[in-house]
Amino acid sequence: MKLTTSVCSLFCLLIAASCNTKSHTDADDGSAIFNADSFKQKVSVLASDSFMGRKPFTAGETITINYLQQQLQAAGLEPGNGNSYFQDVPMVNIKATAAPTMLVNSPKGSFTLKGFDEYAIWTDKVDEHINLDKTELVFAGYGVVAPEYNWNDYAGLDVKGKIVMVMVNDPGFWTGDTTLFKGKEMTYYGRWTYKFEEAARQGAKGCLIIHNTAAASYPFAVQQSGHNSERLQLDNRGKDIKNCDVIGWIPEPTANKLFAAAGFDSTLLVKANKPGFKAIPLNINLTTSMTVKTTYNKSHNVIAKITGSKHPDEVIIYSAHWDHFGIGRPDAKGDSIYNGAYDNATGTAGLLEMAKAFKAIKPERTVVILLVTSEEQGLLGSQYYAQNPVYPADKTVANINIDELNRFGRTKDMVVVGSGQSELEDYLKEEVEKTGGYISTDPHPEAGHYYRSDHFNFAKAGIPALYCNVGIDVVGKGKEYGKQLEDEYTKDHYHQPSDEYDPKTWTAEGAVNDMKILFRVGKRLAMGQEWPKWKPGSEFKAIREGKK
Ligand SMILES: [Zn+2]
């Protein structure tokens, strides 16, 4: 009996032990590695004054990218770009100086417009002199070619060598008609970057966007600051990348002056909302010039990988921007270092944690950790990667981008930016719901935030891309509290020297929770064979399917 009992006890103990081990393994899907202290330690380093605000081309860049390489290497990741952990990103600083005025010739006579007050122009070209010489002006509605919405403002129109004048946003915005594009929600066709790109594709010499505060979501003053200023662009010398000579904005009163000179009025703008609208030559021409000074420099993306054990050629890319604004104008307290703790030391540190987690689970597909430069200068590092991909776009399963991770307590929600784009959102929803949470949608879809962060350059290459904002429904404290924290940050710290790491108030419990969820979304892809798709109506679906 004794023996039996003891054998039984031993047996039961063994069963219990193995059950415990098993249930432990089941519960730990690899996400137990995420840890608030380890995350916070990395944020504190990246956001410290010795990193000098992580500005491209400065000593702050060197110290940042070396730290990132060392961390990725220590986590056991392989170099992501051949033998290198870096991808050079050649850039050019373009300083355009515009002539003070622009001459307008119309059938009703000539007049001049004053630069800065009546228009704001610049260029992405590197030619020393840029001239408009009696260049013809055409009103091209929204300047949109969108096959999925059966819309083409350039149909039957030859704008080669001409200047197009177009409206900001898309037809859905003004009409609110949800069958027109996405109604109030901005599509990529509504973004100013798209208007310039499309005009260049059409061979136009220039593109001027008619400003409207509601439709643009910011005042004309924002555009005026671009007039006669310096802009950083990718160095595209030797590449077949089309740009207009002159790009810029005109406020509505200027547009009305031009319409009047051509014998029209602003009802033209309303007509352009109707499907089938035909672009109108205005029988007006413009004359002005710009001189351009350029300086060239190189920044760096940091890139590392864990080669997949079964499908090494299929790739999941996690991205975050490492850069911020460096040392600049001091704030009221005399602090001049733009530490960028929340934006984006959190996302950068998050990716270093992600690297460790994926290394530990030995993914079947390749997982790439891509820390990009110059997001703050216009998403340039990710644009360079998308134009010069180390891993082919058609073999890239998905992109998951992190720009800011929760500093405080856990939230019940995660905010999907630009919802309705891809099936990655459904994967995210499943993972969030498994933790008892829920998905919130972007409170300002009309502002087009989906087109304003790094994942967007992956989307433009057809790669399904997911981007979330920090949730606001703080566990135990509610939405009002979370919203207040966000508003406070936007007002007092966003893009200011005071965006600093605070060891006293940052708990990072929320970041850990969100990192686990984003890890599980990627893990599902890295351990499976799924290819998430763009949803019907997405501007990027046709690109992925090779139809655009
Ligand atoms: Zn950011």
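Within the stretch 357-372, identify whether any single residue is within 22 Å of Trp506 (Cβ to Cβ) and open to solvent by 30 Å² or more (accessible area, probe 1.4 Å), and answer yes or no.
Narrowing the stretch 357-372 to residues within 22 Å of Trp506 (Cβ to Cβ): 357, 371.
In the following step, the residues that additionally are open to solvent by 30 Å² or more (accessible area, probe 1.4 Å) were identified as none.
So far as the stretch 357-372 goes, no, none of its residues is within 22 Å of Trp506 (Cβ to Cβ) and open to solvent by 30 Å² or more (accessible area, probe 1.4 Å).
Considering only residues that are without any contact (Cβ under 8 Å) to a residue 60 or more places away in the chain and not small (Gly, Ala, Ser), which ones fall in the stretch 469-481?
Selection gives Lys479, Glu480, Tyr481.
Quick one: count up the residues across the stretch 199-217 that are open to solvent by less than 40 Å² (accessible area, probe 1.4 Å) and on the phi < 0 side of the Ramachandran plot.
12
When the stretch 78-108 is examined, which residues are found to be at pLDDT below 95 and either open to solvent by 30 Å² or more (accessible area, probe 1.4 Å) or at positive phi (or both)?
Matches in the stretch 78-108: Asn93, Lys95, Pro107, Lys108.
Is one or more of the residues making up the stretch 444-462 within 16 Å of the ligand (Cβ to nearest atom), touching a residue at least 24 places away in the same chain (Cβ under 8 Å), open to solvent by less than 50 Å² (accessible area, probe 1.4 Å) and among the polar types (S, T, N, Q)?
Yes, the conditions are met somewhere in the stretch 444-462.
In the stretch 314-327, how many residues are within 19 Å of Pro56 (Cβ to Cβ) and either assigned to a helix (DSSP H, G or I) or within 16 Å of the ligand (Cβ to nearest atom) (or both)?
Final tally of qualifying residues: 8.
Quick one: is Val292 more than 30 Å from Arg524 (Cα to Cα), away from the ligand (no atom under 16 Å from the Cβ) and not in a helix (DSSP H, G or I)?
Values: more than 30 Å from Arg524 (Cα to Cα): yes; away from the ligand (no atom under 16 Å from the Cβ): yes; not in a helix (DSSP H, G or I): yes.
Yes: the conditions hold for Val292.
Looking at (1) within 30 Å of Asp245 (Cβ to Cβ); (2) at pLDDT 95 or above; (3) open to solvent by 70 Å² or more (accessible area, probe 1.4 Å); (4) in contact with a strand residue (DSSP E or B) (Cβ under 7 Å, 6 or more places away or on another chain), which one does Asp117 not meet, given that it meets all the others?
(4)
Got a number for residues in the stretch 29-58 being of a type outside the set (S, T, N, Q) and either modelled with pLDDT under 50 or open to solvent by 60 Å² or more (accessible area, probe 1.4 Å) (or both)?
Qualifying residue count, the stretch 29-58: 7.
Evaluate the following for Gly522: is it at pLDDT 95 or above, buried (at least 24 other Cβ atoms within 10 Å of the Cβ) and small (Gly, Ala, Ser)? Before you say what the answer is, go through the steps one by one.
Working: at pLDDT 95 or above: yes; buried (at least 24 other Cβ atoms within 10 Å of the Cβ): yes; small (Gly, Ala, Ser): yes.
Here the answer is yes, as Gly522 does meet what is asked.
Name every residue in the stretch 328-356 that is open to solvent by less than 10 Å² (accessible area, probe 1.4 Å) and either more than 16 Å from the ligand (Cβ to nearest atom) or not small (Gly, Ala, Ser) (or both), in order of residue number. Steps first, please.
Here is the first cut: in the stretch 328-356, the residues open to solvent by less than 10 Å² (accessible area, probe 1.4 Å) are 339-355.
Within the stretch 328-356, Asn339, Tyr342, Asp343, Asn344, Thr346, Thr348, Leu351, Leu352, Glu353, Met354, Ala355 qualify.
Enumerate the pairs (first residue in the stretch 403-417 and over 16 Å from Leu428 (Cα atoms) and open to solvent by 20 Å² or more (accessible area, probe 1.4 Å); second residue anywhere and in a loop (DSSP other than H, G, I, E, B) and within 16 Å of the ligand (Cβ to nearest atom)) with beta-carbon separation below 8 Å, excluding pairs fewer than 6 apart on the same chain, so at least 6 apart or on different chains.
Pairs that qualify, where the first residue is over 16 Å from Leu428 (Cα atoms) and open to solvent by 20 Å² or more (accessible area, probe 1.4 Å) and the partner is in a loop (DSSP other than H, G, I, E, B) and within 16 Å of the ligand (Cβ to nearest atom), are Glu404/Val470.
Just one of the numbered conditions (1) in contact with a Pro (Cβ under 9 Å, 6 or more places away or on another chain); (2) over 19 Å from Leu370 (Cα atoms) is not true of Thr396; which one?
Exception for Thr396: condition (2).
Within the stretch 204-239, which residues are assigned to a helix (DSSP H, G or I) and not aromatic (Phe, Trp, Tyr)?
Hits for the stretch 204-239 are Thr213, Ala214, Ala215, Ala216, Ala221, Val222, Gln223, Gln224.
Of all residues in the stretch 393-413 being among the aliphatic types (A, V, I, L, M) and more than 11 Å from Ile316 (Cα to Cα), which is farthest from the ligand (Cβ to nearest atom)?
Leu405
The values are calculated or read from the model by the stated rules, or taken from the named source; none is laboratory data. Since the structure is predicted, the reported quantities are computational estimates derived from the model, not experimental observations. Virtual Cβ from ideal backbone geometry, glycine too; neighbours counted across all protein chains shown. Each accessible area value is taken on the protein alone, full model and side chains, heavy atoms only, with ligands, DNA and RNA left out. Shrake-Rupley method; radii C 1.70, N 1.55, O 1.52, S 1.80 Å.
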